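Trainee: Before I ask anything, let me first share the structure, which is written out below as C-alpha cells.
Nothing in this text is a laboratory measurement; each read-out follows from the coordinates by a stated rule. This structure is a prediction, so every number in the text was calculated from the model and none was measured. FYI the Cβ positions are ideal-geometry reconstructions off the backbone, even for glycines, and counts take in every protein chain you see.
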C-alpha cells in the first residue's frame, strides 16, 4: 500500500470541488421551492462560502483524528 500524504492543499481543493456540486444542488432545490431564480442564486451564493469553510475545518479535523505520522513522515490510517 502506498503512503497517504493528504495535506491542507488537497483538503482545500476537495472542499472547492465538493462545494461546486453542493451549490448547484442548493440552487436547483431553491429554485424548485421558490420559483425565483434570483432567490435561488442568492441562497447559493451565501451557502457556498459558509459550507466551503466548514468542510475544510471538518476535513482537517478528520485527518488529525484518523491518521498518525510514522517516524518516516508517512501517514498511516489509525486503527
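Trainee: Using Cβ contacts closer than 10 Å as the measure, can you line up 6, 47 from fewest to most?
Mentor: On the way: 6 14, 47 17.
Taking fewest neighbouring Cβ atoms as first place, the list is 6, 47.
Trainee: Expressed as a fraction of 2.2 N^0.38 Å, the rule-of-thumb size for a compact globular protein of N residues, what is the C-alpha radius of gyration of region 23-65?
Mentor: Working: Rg = 13.4 Å, N = 43, 2.2 N^0.38 = 9.2 Å.
This ratio for region 23-65 stands at 1.46.
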